[in-house]
Structure formats: structure tokens, C-alpha cells
Ligand SMILES: [Mn+2]
């Protein structure tokens with residue numbers, strides 16, 4: 001009888017092919033076994049089988065395909081020997097890793113025995129309780145006299161004189177709470193007026209809606225702000241006031257750089273100075289200059305309002321502020337007065353940027369109709385409190401929220 005291995009495709013053709021295939025299968029028990037003994041073409045066998053109407057095989061094509069091991073004639077012994085070799089390899093690789101690890105441990109142990117740290121902490125005496133921190137309150141953008149309508153701002157803000165002075169109470173509460181709860185003594189308070197504490201009449205809408213005419217506003221703010229500042233006097237060994245003017249209190253519609261102090265902010269500061277003249281612990285600097293350097297804990301801080309910085313875009317022009325202060329930095333360095341910090345108001349958004357080199361104050365007024373209309377939103381009212389130390393310089397930037405959340409929600 002012809003076996004499959006010897007058969008050519010031609011042999012499958014013609015009469016009796018199906019019968020010959022059956023015989024072949026019976027002779028070897030299965031096609032798989034027939035192929036194992038006589039390796040041949042599985043595809044040829046399968047196509048002949050189906051061409052001559054062989055019944056569907058249980059298990060489909062798999063039934064025709066021998067297992068690879070069987071097809072290659074690999075015995076069980078060979079398979080197990082191969083497996084054994086593989087396992088030996090794995091074991092020897094693991095052993096190598098163990099040896100490597102042990103060698104690394106030895107190297108590290110030897111190294112640690114030989115090396116010593118090159119640093120030892122400096123001898124620091126117990127810090128003196130008398131170390132002098134000084135606080136500096138940024139006071140600006142109260143826009144006294146201006147009214148903001150709760151209805152027109154969709155409930156975002158409401159502002160009038162009474163609200164303004166209530167928010168000044170909040171400043172007092174904040175500063176005194178920070179002073180009381182800091183673990184170091186603070187004997188000196190700087191108060192830096194940064195301008196726009198009067199709303200002014202530079203826009204038609206302000207002229208039409210202000211609570212009082214500007215002259216009345218300035219006098220009243222001088223009196224009320226004196227009473228406010230006076231409350232700090234007994235709390236600190238000394239209070240040092242310095243103030244620059246803003247843009248809102250100017251006399252004319254068009255901004256001017258000459259005689260910039262011709263501004264109601266300047267009048268307010270001088271009124272305060274006269275009212276508190278009897279206090280020897282209160283010192284005053286009310287310059288005619290538009291920018292004013294003050295010294296605190298050996299650091300030079302430049303005060304200015306901030307309206308000189310050009311802006312054509314919505315939002316605070318950070319790029320412009322940084323370029324502007326870089327130029328100021330060069331200018332003052334040339335004059336032998338290098339500046340450590342720049343402090344301004346005007347933008348109504350409290351921030352400390354460039355590694356706290358530039359500090360921008362928030363406002364007392366908060367969002368108003370113009371800001372919402374022009375910028376889409378306005379920041380909540382807030383003022384900034386700085387703390388300096390003779391050794392570390394500006395150590396803390398604190399934010400005093402003038403409308404704590406619960407009050408707004410109420
Ligand atoms: Mn301003």
C-alpha cells in the first residue's frame with residue numbers, strides 16, 4: 001500500500017482518491033499520525049480531502065496538523081533534556097545576580113567606612129527674642145467717594161463711604177491679629193500710601209455718581225484716615241508713614257508728570273500728618289516726587305502708584321510691570337540707590353512676583369462697574385502686609401481679605 005509521504009498530488013486525483021485517503025487514515029489511525037510517520041504536504045492532503053467530498057473532520061484543520069514536536073520527531077526525552085538545560089541557565093543567572101549584589105554591598109560598606117561628611121551645621125546661638133521684625137502695610141486704591149451698585153454688579157460688590165470705613169476696620173483687625181500671633185516681636189509699623197485713596201472726578205461717570213464732591217471727599221478722608229491710623233499708634237513703638245499719589249486724585253483730566261503731587265491724595269496725607277502731629281512716635285514722608293524710596297531693615301523699597309506702566313491688554317500687564325521695574329532698577333542703581341523691592345498699587349490685584357521682588361497691592365474698593373465692563377471681572381478687596389527682618393529681608397507677604405467669604409455669602 002502506498003503511504004502519504006510517497007504520494008504526489010497527481011496521485012490524489014481521479015477515481016478512488018477519496019477511498020485511498022480513507023485507507024491511508026485507517027492504516028495509521030489518523031491523518032496526523034500518517035503525516036508524523038511520513039511527512040508530507042498538509043495543504044495538499046486537505047484540499048484533496050475536501051475536493052473528493054470527505055466528511056467534515058471533527059476539530060477542523062487542526063485534526064490534519066501534527067504537533068510541531070511530533071512533526072520534527074522530537075522525543076519526550078529530548079524535550080525534557082532541553083527543559084532541564086533552560087532551567088539550569090535560569091538558576092545560574094540568578095546566582096550571578098546574587099554575587100553582583102553582594103560585591104556592591106561590600107564596595108559601599110568600605111566606601112562609607114572611609115568617607116566622612118564635609119559639612120557640619122554652623123554654631124547658631126539661640127535666636128534673640130529682640131530680633132527686630134518690621135511690618136509694612138500697603139494702603140491704596142480706596143477710591144473714596146466712589147459708589148458701586150450691588151444691583152449693577154450682579155451682587156459682586158457694593159461700595160460707599162460706610163463700606164469703605166468698615167473695610168478699614170478689617171485692615172486694622174488683620175494687622176493687629178498678625179502682629180499678636182506672630183512668634184516674634186514687631187515694634188515698628190510702616191504704612192505706605194500708594195495712591196488712589198480718593199476716587200476723584202477724572203471721568204464723567206464718577207463726577208455724576210460720586211457720593212461727595214472731590215474737595216469734600218479729600219477733607220473727610222483726611223479726617224477718617226487719621227482716626228484709622230491713630231488706632232495703630234499705641235500698638236507699635238513707632239509708625240512710619242510714607243505716601244505717593246495715584247492717578248485718580250489729579251486735578252486735570254489729562255494725566256501729567258510735572259507737579260504730579262498736585263493731587264488730592266497729597267492733601268489727604270498732609271491732613272493726616274497735621275491731625276497726628278502730636279504723636280512723637282509717628283514719622284512722615286510725603287514727597288513731591290512721583291516715586292519714593294524708603295528704607296526698611298536695611299532694604300531699599302521703591303514706592304510708586306503704577307499707572308505709568310503702559311497697557312493695551314485686558315488684565316494686569318505683568319510683562320510691562322517687569323520691564324518697567326527692570327528699567328527703574330538700572331536707573332536707581334546708577335544713582336547709587338539699588339532697589340531691593342518695588343511696591344505699587346493701581347492694578348487692584350494683590351500679588352508678589354519675581355521672587356517677591358515686585359509686590360502689587362490689592363484695592364479697598366474691589367470690583368466696580370468699569371472694571372467688570374472693561375476686564376470682564378474684578379478682584380475682591382484686599383490689602384497686603386509685608387514683614388521684614390534685618391537678616392533675611394522680606395520674610396512674609398500676608399494678604400488681608402477685606403470681605404471675608406462668610407460676609408459675602410451672608
Ligand atoms: Mn490707579
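The values are calculated or read from the model by the stated rules, or taken from the named source; none is laboratory data. The shown structure was predicted, so the numbers you read here are calculated from the model rather than taken from an experiment. Cβ coordinates were reconstructed from backbone atoms using ideal geometry, including for glycine residues, and neighbour counts include every protein chain displayed.
Within segment 268-297, take every residue that is in a loop (DSSP other than H, G, I, E, B) and farther than 22 Å from residue 248 by Cβ and give me the one that is farthest from the chain's Cα centre (by Cα).
The initial filter retains those residues of segment 268-297 that are in a loop (DSSP other than H, G, I, E, B), namely 276-281, 286-291, 297.
Next, only the ones that are farther than 22 Å from residue 248 by Cβ stay: 276-281, 297.
Numbers: 276: 43, 277: 45, 278: 47, 279: 44, 280: 44, 281: 41, 297: 29 Å.
The residue in question is 278.
Reported count of residues in segment 236-252, each being surrounded by 15 or more Cβ atoms within 10 Å (Cβ to Cβ) and away from the ligand (no atom under 16 Å from the Cβ), is 6.
Taking segment 217-230 as the range and being surrounded by 15 or more Cβ atoms within 10 Å (Cβ to Cβ) and either in contact with a strand residue (DSSP E or B) (Cβ under 9 Å, 6 or more places away or on another chain) or more than 15 Å from residue 267 (Cβ to Cβ) (or both) as the test, the residues that pass are 217, 218, 220, 221, 224, 225, 228, 229, 230.
For segment 311-346, the set of residues classified as within 14 Å of the ligand (Cβ to nearest atom) and free of Cβ contacts under 8 Å to residues at least 24 places away in the same chain consists of 311, 317, listed by residue number. Only a single criterion out of (1) under 21 Å from residue 386 (Cα atoms); (2) part of a helix (DSSP H, G or I); (3) within 15 Å of the ligand (Cβ to nearest atom) is not satisfied by residue 225, namely (3). Within segment 307-345, the set of residues being at pLDDT 95 or above and within 20 Å of residue 378 (Cβ to Cβ) comprises 344, 345. Would a scan of segment 200-216 turn up a residue that is more than 16 Å from the ligand (Cβ to nearest atom), surrounded by 14 or more Cβ atoms within 10 Å (Cβ to Cβ), at pLDDT below 95 and assigned to a helix (DSSP H, G or I)? Among the residues of segment 200-216, at least one is more than 16 Å from the ligand (Cβ to nearest atom), surrounded by 14 or more Cβ atoms within 10 Å (Cβ to Cβ), at pLDDT below 95 and assigned to a helix (DSSP H, G or I), which makes the answer yes.
Look at residue 351 and say whether it is without any contact (Cβ under 8 Å) to a residue 40 or more places away in the chain and either away from the ligand (no atom under 16 Å from the Cβ) or within 24 Å of residue 143 (Cα to Cα) (or both). Break it down into steps so the answer makes sense when it comes.
On the way: without any contact (Cβ under 8 Å) to a residue 40 or more places away in the chain: yes; either away from the ligand (no atom under 16 Å from the Cβ) or within 24 Å of residue 143 (Cα to Cα) (or both): yes.
In short, yes.
For segment 262-272, what are the residues that are within 15 Å of the ligand (Cβ to nearest atom) and out of contact with any strand residue (DSSP E or B) (no Cβ under 7 Å at 6 or more places or on another chain)? If you could, list the steps in order and put the result at the bottom.
Within segment 262-272, the first condition is being within 15 Å of the ligand (Cβ to nearest atom), and the residues that meet it are 263-266, 268.
Correct list: 266 only.
When you look at residue 306, is it within 16 Å of the ligand (Cβ to nearest atom), assigned by TED's automatic domain parsing to the domain that holds residue 137, assigned to a loop (DSSP other than H, G, I, E, B) and more than 20 Å from residue 239 (Cα to Cα), yes or no? In short, yes.
Being assigned to a strand (DSSP E or B), away from the ligand (no atom under 16 Å from the Cβ) and in the same structural domain as residue 348 (by TED's automatic domain parsing) narrows it down to one of 188, 179, 162, so name that one. If you could, list the steps in order and put the result at the bottom.
Working: 179 fails: assigned to a strand (DSSP E or B); 162 fails: assigned to a strand (DSSP E or B).
From the options 188, 179, 162, the qualifying one is 188.
For segment 121-154, a residue qualifies if it is within 16 Å of the ligand (Cβ to nearest atom), part of a loop (DSSP other than H, G, I, E, B) and more than 32 Å from the chain's Cα centre (by Cα), and the qualifying residues are 145, 146.
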